[in-house]
2 protein chains.
Amino acid sequence: MKKIINDPEALVDEAVEGLAAAHPDLVRISLCPRYIVRADAPVSGKVALLSGGGSGHEPLHGGFVGRGMLAAACPGAVFTSPTPDQMLEAGKAIHGGAGIVQIVKNYTGDVMNFDMAADLLRAEGIEVENVLVDDDVAVKDSLYTAGRRGVGLTLAVEKIGGAAAEAGMGLAEVAGLCRRVVANGRSMGVALTACTVPHAGKPSFALAEDEMELGIGIHGEPGRERVKLEPADRIAELLLGPIIEDLPFERDDRVLLFVNGMGGTPLIELYALYRKAAEIAAAHGLEVERRLVGSYVTSLEMAGASITLLRLDDEMIRLWDAPVVTPALRWGA
Amino acid sequence: MKKIINDPEALVDEAVEGLAAAHPDLVRISLCPRYIVRADAPVSGKVALLSGGGSGHEPLHGGFVGRGMLAAACPGAVFTSPTPDQMLEAGKAIHGGAGIVQIVKNYTGDVMNFDMAADLLRAEGIEVENVLVDDDVAVKDSLYTAGRRGVGLTLAVEKIGGAAAEAGMGLAEVAGLCRRVVANGRSMGVALTACTVPHAGKPSFALAEDEMELGIGIHGEPGRERVKLEPADRIAELLLGPIIEDLPFERDDRVLLFVNGMGGTPLIELYALYRKAAEIAAAHGLEVERRLVGSYVTSLEMAGASITLLRLDDEMIRLWDAPVVTPALRWGA
């Protein structure tokens, strides 16, 4: 294990402190319990989006806290669910009187702890809606999940839902919109290498030099199958094929095409992959209206990528384009 | 070598095509000769910034093409200088009548080819100023360089110089400002792993599991020394110490503190490193006025990081804050 770290147990706190030091205009933090909130929280009269999950997927979620996206993020230990007290305290810090939408990736521990947090927040008199993200078409059930896993689409749910909250939409509307994004988005990923959880100290699985894991989860959970390493163009087909078939996406659908790196794959490869993904989308008659390329929903230093496709409507496009000012996603203001 | 690629020889062209497909509103490209220009080039009456260098350092430079930064970038093959005909044709495509500033990282091949390009552009009646970036304090001469290498500071030269050009400053002023950034900035990097040039197919050097290379160049050139792997806090000291001493940076200097990833180091580690770097800067009495954390000047999938410190004045701060709309750097508009 070669990492730029001090004590593995201190890494998440130190990274959260570093995030606050690097973006004092955007975020504030608490370490005990651990959460990140937008600098101007609570925003009076507006719905607040709260998310979180295991650390190791940065910039998800802490890098998405700020104006027009998340009001708060609760980072657990690496690949470990945050605890309900984190969401309770973060929720109290961001509640502006219009309720909270919790964005929950579908992992058993996350679901349980966000459910418990919702109960605790409601006991404080705060209205809460939970939105479950389960966009991964690769497998039905998985190591940490009953049902589909929540992966790359989470970014789009947080961006579009955050813009809706910023625009002053009500709790039911924001939650409904987030669920509409979930219903219209699908993802799938591939790993070329494993990653090493700092406190474990060794790679989470082994892949031979000529193998890749198709349908990998963002914690290195097993995917659909282990296959021979394929060229970039074939990888684009292997990922987009099942995604398009699943919804299904159809001719003339307007879409967001998001090519995401898992952490250790350089941008030059992600753009080469995007090139073919856009060609495939066009060959299926899809209208690629919005695009995103970069490492946003990662698995530490894992080499690999995922593709997310989201069917857009006019409202989603308007909210995707709305200003966002966070450490990792920033445009329009 | 495990990479998401097709033919190694086609990778750079495919990535450039992917960049254009992903950002049609920001950039246009040519493949023969290969260059990327801002979508609205040429901008009449304004100075145009042109840069380039070997590929494999993405998002540098192609990801910095757009409003408020570079007018054009010329990507060579991976870790290989672009040729003068690329800069000649890119220069003709961006020349708006007010001249061109070429930003050149100090590598022998780059310097030679940008010098030749300047002559060719002048023969076309276009005024050209070359600015040499040589911010790496690690070594005096290196494998590909006489004098100091150009590394992370290049981003700041391109951001601040690009904002000056956008603001309508003249050729001599923009070039002078870029040189002032160079004179006031210093960098140093560390590698935990090597990287693999696609057409070479094997790592460019070998590091033992308990070693790191201090003062590494962005092509994996040898650094100052190979030492035992140290904790993050000690790495921050080993990088910032020589940087602060070199200029020297002094108490009450206002600075930009830029913690840069080499490609394979996750954001969680970069923020942990930033945390200590900011502490060290404060302990030296430096005022950290602006900050940047992320993988912007990379070496393919190399694990490692670099730190850049730039002494700021009021004009630099204003131009750093000015709107920038490029694929990789975007704020304020």
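The values are calculated or read from the model by the stated rules, or taken from the named source; none is laboratory data. If you're wondering where the values come from, they're calculated on a predicted model, not measured in any experiment. With ideal geometry, Cβ positions are generated from the backbone for all residues, glycine too; neighbour counts draw on all protein chains shown.
Structure notes:
- Cross-chain or 6+ apart pairs with Cβ under 7 Å, segment A:178-196 first and without any contact (Cβ under 8 Å) to a residue 60 or more places away in the chain, then of a type in the set (Val, Ile, Thr): A:Arg179/A:Val131; A:Val182/A:Val131; A:Val182/A:Val133; A:Val182/A:Val157
- Filtered residues of segment B:244-277 (kept if outside any helix (DSSP H, G or I) and either within 7 Å of chain A (Cβ to nearest Cβ) or among the β-branched types (Val, Ile, Thr) (or both)): B:Val255, B:Val259, B:Gly263, B:Gly264, B:Thr265, B:Pro266
- Checking the stated criteria, A:Val37 turns out not to satisfy the condition of being away from chain B (no Cβ under 14 Å) and either surrounded by fewer than 24 Cβ atoms within 10 Å (Cβ to Cβ) or farther than 18 Å from A:Leu19 by Cα (or both).
- Within segment B:52-62, the presence of a residue that is of a type in the set (A, V, I, L, M, F, W, C) and over 23 Å from B:Ile5 (Cα atoms) is excluded.
- Pick from segment A:153-179, criterion of a type in the set (Gly, Ala, Ser) and surrounded by fewer than 24 Cβ atoms within 10 Å (Cβ to Cβ), ranking: nearest to the chain's Cα centre (by Cα): A:Gly176
Matching residues to (1) hydrophobic (A, V, I, L, M, F, W, C); (2) closer than 14 Å to B:Gly189 by Cα; (3) in the same structural domain as B:Asp136 (by TED's automatic domain parsing):
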position	(1), (2), (3)
B:Pro231	no, no, no
B:Asp246	no, no, no
B:Glu250	no, no, no
B:Ala272	yes, no, no
B:Met302	yes, yes, no
B:Ile317	yes, no, no
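- Matching residues in segment A:233-280 - criterion: being of a type in the set (D, E, K, R), in contact with an Asp or Glu (Cβ under 6 Å, 6 or more places away or on another chain) and free of Cβ contacts under 8 Å to residues at least 40 places away in the same chain: A:Arg275
- Test: residue in segment A:220-229 that is within 14 Å of another protein chain (Cβ to nearest Cβ), touching a residue at least 60 places away in the same chain (Cβ under 8 Å) and closer than 23 Å to A:Leu310 by Cβ: no
- Residue match in segment B:285-306 (condition: closer than 20 Å to B:Pro242 by Cβ, outside any strand (DSSP E or B), more than 8 Å from every other protein chain (Cβ to nearest Cβ) and in contact with a Phe, Trp or Tyr (Cβ under 7 Å, 6 or more places away or on another chain)): yes
- Just one residue in the set A:Gly223, A:Gly215, A:Gly261 is within 22 Å of A:Leu300 (Cβ to Cβ), touching a Ser or Thr at 6+ places or on another chain (Cβ under 8 Å) and of a type in the set (Gly, Ala, Ser); that residue is A:Gly261.
- Any hit, segment A:104-121, residues being among the hydroxyl-bearing types (Ser, Thr, Tyr), buried (at least 24 other Cβ atoms within 10 Å of the Cβ) and under 26 Å from A:Ile160 (Cβ atoms): yes
- For B:Leu49: the one exception among (1) in contact with a strand residue (DSSP E or B) (Cβ under 9 Å, 6 or more places away or on another chain); (2) within 8 Å of chain A (Cβ to nearest Cβ): (2)
- Here the condition is being charged (D, E, K, R), outside the structural domain of A:Glu301 (by TED's automatic domain parsing) and surrounded by 24 or more Cβ atoms within 10 Å (Cβ to Cβ); of A:Asp85, A:Asp136, it holds for A:Asp136 alone.
- Restricting B:Glu158, B:Glu127 to those that are within 11 Å of B:Leu49 (Cα to Cα) and of a type in the set (D, E, K, R) reduces the list to B:Glu158.
- Residue ID - surrounded by the most Cβ atoms within 10 Å (Cβ to Cβ), chosen from residues in segment A:139-152 that are of a type in the set (Val, Ile, Thr) and part of a loop (DSSP other than H, G, I, E, B): A:Val151
- Being more than 26 Å from A:Gly54 (Cα to Cα) and small (Gly, Ala, Ser) holds for only one residue in A:Ala272, A:Ala305, A:Ala328, and it is A:Ala272.
- Residue within segment B:281-290 that is modelled with pLDDT of 95 or more, buried (at least 16 other Cβ atoms within 10 Å of the Cβ) and under 17 Å from the mean Cα position of the chain (by Cα) present: no
- Filter result (outside any helix (DSSP H, G or I) and either at the interface with another protein chain (Cβ under 8 Å from one of its Cβ atoms) or aromatic (Phe, Trp, Tyr) (or both)) within segment B:8-34: B:His23
- A:Ala236 being modelled with pLDDT of 95 or more, within 13 Å of chain B (Cβ to nearest Cβ) and crowded, with 20+ Cβ neighbours inside 10 Å: yes
- The one condition from (1) over 26 Å from B:Asp7 (Cβ atoms); (2) at pLDDT below 95; (3) away from every other protein chain (no Cβ under 14 Å) that A:Pro203 does not meet is (3).
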